[in-house]
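Report on the structure given below.
Read-outs: derived from the displayed coordinates by stated rules, not from any lab. Quick caveat, the model's predicted, so the values are computed rather than measured. Heads up, the Cβs are rebuilt from the backbone with ideal geometry, glycines too, and the neighbour counts pull from every protein chain shown.
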Amino acid sequence: MASASSAWHGATADETLAAFVTLPDGLSGDEASRRLAEAGPNSLPEEAPVHPLRRFLVQFHNPLIYFLFVAALTALLLDHAIDAVVILLVVLVNAIVGFVQEGRAEQALGGMRALLSPHAMVMRDGMRVSIDVANVVPGDIVALEPGDRVPADLRLLRARGLAIEEAALTGESVAAEKREDPVAADAPLGDRSSMAFSGTLVAKGQAIGVVVATGSRTEIGRISGMLHAVPPLVTPLLRQMNRFSQQLTVAILGAGLFLLAFAVLVRGFNWADALIAVVAVAAGAIPEGLPAVITITLAIGVQRMAARKAIIRKLPAVETLGATSVICTDKTGTLTRNEMTVRHVFTASYALAVSGSGYAPEGALTADQGDDAAAISDAADILRCGMLCNDARLDHKNGKWSVAGDPMEGALIALGRKAGLDPDHLAREWKRLDEIPFDADYRYMATLHRAPSGEHVVFIKGAPEAVLALAEPQADPARWEQLGAQAAGQGERLLGFAMLALPGAPDRIRFEDLKSARMLGFMGFIDPPRDEARRAIAECRSAGIAVKMITGDHIETARAIARQLDLADDPKAMSGADVERMDDAELAQTVDTISVFARASPEHKLRIVRALQSRGAVVAMTGDGVNDAPSLKQADVGTAMGVAGTEAAREASEMVLLDDNFASIVAAVHEGRTVYDNIRKVIAWTLPTNGGEAIVIVAAILADFALPMTATQILWINLVTSVTLGLALAFEPPEPEVMQRPPRRADASLLSPFLLWRVLLVSGLFSAVILLIFFGAQARGEDIATARTMVVNMLVVAEIFYLFTVRYLHMRSLTLRGLLGTPSVLIAIAAVTTAQLAFTYIPVMNEIFDTRPLSLLDGIAIMLVGLVLFLALEGEKLLMRKLDLFEELRS
């Protein structure tokens, strides 16, 4: 639904005044009070805060946590209270981390409220008074000055030289020029020049406007409502873990009931013994350490991403980044430097290209044709005009150049410095006597100077058509029109420049003096793309990730930047008006083929993200403005700018970039893929261990022989190895060419065909090895306690050797790099070895777990069996690669 302000941007001032019955002296106090009671305070609605206890309890509403509760319950059923306490402590720590990290996740509306100015200058009872912004009502007459935050949506009644920074709403990198003239009723938000919108900042000029919308009826209020309406999304990992845990629970429950019935009815077990045996199977089958290790893996990913300038606000977003298939990004400040730069200088005789970017006076002017020195000499007047008809200055602090004033005027000073001109020296030589400040009504600025020769000269700069209208009749309009079309095709913004000498040395200039000026030429400006963004986009394309630019800027400017960044082979563009004409189904059919969406409103951005998601894409959305907040929340990974971004954008996002750099999100995607790989390695390592344990227990029940391991020994193995060997996989570095693979599907299973094959194969091998050791030990006369001790040690050694082969899912592990391991792997092996020595040889452990010391020969035999297992699995991986059976083994 359109906001109240959108209904008035095309109205005349008289119509607007009449509609709101605003008196010439402003509202009376009584009328203002009546309207305040009717319209409500000029503030965004606040939701009732969620009680901290409820927010804390919500942290337990998670499939991973349910899985841990099942593990703790299993331990309690086995009278293993210590293990249950440890597992519950893991649950508690995880909840505390989530409480701290996600506690502010729904504060986006508070971020928007911070944009509203605390006070506003209005007319009341014929007097100009300052009132609290919450008391502004429809019909109030508001005065705006430079630096003011617009307190409500205003229809401008009078504007003089007014420019308002609307980047937070429209994405425009340059302040929007405003005037009181009405515009078309269906004009896009960025083209509503007769409106000033709540929360935007007055860059220059003065204005008076009438309030047409307050609070939630403003443009910012409408976006706030859109943000509130976006439902929270469930990440791919949580969906997969939920499916996995449900399937595993059903399978274990079904198998347990079958075994219980079989043991009682067929084998003649009593109910108590049968239940204990079934619980032992469950203890072996349930990977109780898996959720904790996955959570830790995600947390490690958070730390790694922070080192790469990406702060994760919601833990599961780490993994979601690894599934990203589309990145929707704003242009200004993200793909570009947000620093205007002169790219071309056009005079009547020459065209010069300007190198360098930003406000640093580093670069050169070179002629497209002819001699550079002659071209620069010919351009002396236009360069001088740009520096003198100028109110900005450049500052150099901490090794960085910045502009104080209008960005385009700052770019003109940087250009003059590149040509060897000193702004201070020039200002002393050409003393300014008078000026006509820029105004949207006539769209130019003029300054009067006393030249070193004593002559009085006027320099003019402004919109090309406005400057051409002041030029002498002999100015070649065809050339300037051709140059204008050429610059527009390159996405450049044009300024025109002219000068004239005034006879009689006047100290003041009048509008009627500005005629028959000498046309000096045009300059083309562009907000240059970041070099690192270009490299990051190339990396995205090699990784199969599409990048789509969604900006409020003009379509030609956006398309030109897209070409410079090599966003696509042939970047196609679509305007917001085109999006408006499509229904959701048509947009979904088209969205994949479009690389650039220009003049996009908040609704367009939201629809584009939803259209991509309807096609199965996992969407990361970058943005910095209030206008980005709804789409940031809708995206699978909303990514806000930490430096230039608004608080509303940051609070609606899962990730914040500390350097506002597109390259940082690509680095985060790299880390996200690594995290997902490591999670799959943890699963591929954990499940065969549990599978092998469960198989031998089931076999013992079915074949009616003694259990090869007791329930407490099973818990020992699972507890000790998961917090050592399993955890080591969380620290694994990225595999080579991690960004050369296409993104995985959002609905891809955690257990891919290869991993499922691996789990089944290794579970079978582990169970065979366990039974081999168990029966072999008994055959040579060992008691059952010694045989079980050998089985436990054999299983731990098998897990150590399997750890080395599972460290690489996409390549062979039998390499020097693979065998040396990482510090984390070596520390884990040392820790588990120490624990197993204690388990085997310390008397108190022998008593607790009913174990026996083993001989050196027993240990050597176990090690040799583990080595054979490792070589067999590496051979199997090589065979699978040669047969080309599984996608993830292809290089």
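Tell me whether segment 713-722 contains one or more residues that are over 25 Å from Leu819 (Cα atoms) and in contact with a Phe, Trp or Tyr (Cβ under 9 Å, 6 or more places away or on another chain). Looking through segment 713-722, at least one residue is over 25 Å from Leu819 (Cα atoms) and in contact with a Phe, Trp or Tyr (Cβ under 9 Å, 6 or more places away or on another chain). Taken over segment 806-863, the residue count meeting the criterion of being of a type in the set (Val, Ile, Thr) and more than 21 Å from Val769 (Cβ to Cβ) is 8.
Hey, does segment 579-598 have a residue that's more than 19 Å from Ala635 (Cβ to Cβ) and touching a residue at least 60 places away in the same chain (Cβ under 8 Å)? No: zero hits. When residues in segment 172-209 are screened for being of a type in the set (Val, Ile, Thr), crowded, with 24+ Cβ neighbours inside 10 Å and part of a strand (DSSP E or B), 0 of them pass.
Taking the criterion of being touching a Phe, Trp or Tyr at 6+ places or on another chain (Cβ under 8 Å) and either of a type in the set (A, V, I, L, M) or surrounded by fewer than 21 Cβ atoms within 10 Å (Cβ to Cβ) (or both), the residues of segment 700-709 that qualify are Ile701, Leu702.
Within segment 711-743, being outside any helix (DSSP H, G or I), out of contact with any Ser or Thr (no Cβ under 6 Å at 6 or more places or on another chain) and surrounded by fewer than 20 Cβ atoms within 10 Å (Cβ to Cβ) holds for Pro733, Glu735, Pro736, Glu737, Arg741, Pro742.
Can Val791 be described as crowded, with 19+ Cβ neighbours inside 10 Å and in contact with a Pro (Cβ under 9 Å, 6 or more places away or on another chain)? Taking the combined requirement at face value, the residue satisfies it. Take the conditions within 41 Å of the chain's Cα centre (by Cα), under 15 Å from Arg510 (Cα atoms) and acidic (Asp, Glu) and apply them to Asp434. Does it pass? Considered against the rule, which asks whether it is within 41 Å of the chain's Cα centre (by Cα), under 15 Å from Arg510 (Cα atoms) and acidic (Asp, Glu), Asp434 comes out as no.
The strands (runs of 3 or more DSSP E) located wholly in segment 324-437 include none with 3 or more residues which are small (Gly, Ala, Ser). Contact annotation: residue pairs with Cβ atoms under 6 Å, 6 or more positions apart or on different chains, pairing a residue in segment 260-271 that is without any contact (Cβ under 8 Å) to a residue 24 or more places away in the chain and assigned to a helix (DSSP H, G or I) with a partner that is surrounded by 11 or more Cβ atoms within 10 Å (Cβ to Cβ) and of a type in the set (A, V, I, L, M, F, W, C), are Leu260/Ala274; Leu260/Val278; Val264/Ala274.
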